[in-house]
1. Identify, from the list B:Leu10, B:Leu17, B:Leu58, the residue that is within 14 Å of chain A (Cβ to nearest Cβ), under 17 Å from B:Ile116 (Cα atoms) and either modelled with pLDDT under 90 or more than 18 Å from the chain's Cα centre (by Cα) (or both).
2. When you look at B:Ala82, is it over 17 Å from the mean Cα position of the chain (by Cα) and either of a type in the set (Gly, Ala, Ser) or crowded, with 20+ Cβ neighbours inside 10 Å (or both), yes or no?
3. Does region B:59-82 contain any residue that is closer than 24 Å to A:Asn108 by Cα, touching a residue at least 60 places away in the same chain (Cβ under 8 Å) and of a type in the set (A, V, I, L, M)?
4. So, in region A:66-123, exactly how many residues are in a strand (DSSP E or B), more than 7 Å from chain B (Cβ to nearest Cβ) and free of Cβ contacts under 8 Å to residues at least 24 places away in the same chain?
5. Any residue at all in region B:95-102 that's surrounded by fewer than 21 Cβ atoms within 10 Å (Cβ to Cβ), more than 14 Å from chain A (Cβ to nearest Cβ), of a type in the set (S, T, N, Q) and part of a loop (DSSP other than H, G, I, E, B)?
6. Filter region B:110-129 down to the residues that are in a strand (DSSP E or B) and either more than 14 Å from chain A (Cβ to nearest Cβ) or in contact (Cβ under 8 Å) with a residue 40 or more places away in the chain (or both) and list them by number.
Amino acid sequence: MKVFKQLFTVGFVLMSLVSFSQANDYKVRKCFGYQRDSCKVSQNIYYKVHDASRSALFLKGQTSKTVLTIYNGRDYRVSLCWAPVLGNRILFKIIDNETDNVLYDNANDEFSYDFEFTVAQSREIEIQVTIPGSSDLTQATNEDELIFVEKDKEMGCVGVLIEHMITPTKGF
Amino acid sequence: MHHSIKYFCLVLIAALLFISKMSISQVNETRIYDIFQDTLLIINGKAIDSERILMKRLQVVEADTFEVNQKGIKVLGFTMTAFALGRSIELISQKPIFSKEMKDEILNKQTNFKFISIKNINLQTKDGRAVNPSLETIKIIFGN
């Protein structure tokens, strides 16, 4: 009984150490499948996960984008999830890839972590994700000014989950 | 005695490591509000106790006057915002009900807003005192 108790304790400690080291080691492909494991799927059962869903390791202050083709007659839901080390909100925009028009900016929508929309015209869009930096001195006031900014070192996983379905018909 | 202390310490360390791992897993947790203690909006007989709620469009447009779960508090007005791809609206109602314009936008098949947000909810007590709702913004996601 005593041996069993000790084995259980050692096993529990090792398991915890392994899980803790996984949470902080970014050498391995830690973010692989992060969107699948961490992003909340829609409550609407008709949504299916899109293959363009992805995740990546982000540094604070970094901006990155991914391109998606959206089709007329379909509904899409783009949702983001991220490691708490990156802060309590991140910015994301949906930009028309051809015209560069900003079609949605979550800064105008209370920094919502998801956006659901219907497509009336097929097009290619960019999903641009920005992680706010923690340093205040990120921009010089004029072109001649030279400023030194301590680069943010904190990094964490960001997942972009894309779901889609055929737009439900309403009425007769 | 010595062994039991050692055992306790090991379990404590393991538990702390396990909890720390759990706490850094994800953000975006949604809080559920207390219907008895919090000041919540009631739409179509349903107290909105979460920042996000799934409702049918018809349920929303057929909603009667907005009420509040706490006695003596009434709704004076609110703002409705909605976002679609390349289009956003912000409409203000000075009454505790969705205006015709709001209802038209909710049912607009062309834009097909998939959700609306209700914010700037203006509440007042019987003696004219302004009260803040527990949920500053409510997101209503349309189920159909």
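1. Within the list B:Leu10, B:Leu17, B:Leu58, the selection yields B:Leu58.
2. Here the answer is no, as B:Ala82 does not meet what is asked.
3. yes
4. Total meeting the criteria: 2.
5. yes
6. B:Ile116, B:Ile118, B:Lys119, B:Asn120, B:Ile121, B:Asn122, B:Leu123, B:Gln124
The values are calculated or read from the model by the stated rules, or taken from the named source; none is laboratory data. All values reported here derive from a predicted model rather than from experimental measurement. Note: ideal-geometry Cβ built from the backbone for every residue, glycine included; neighbour counts use all protein chains shown.
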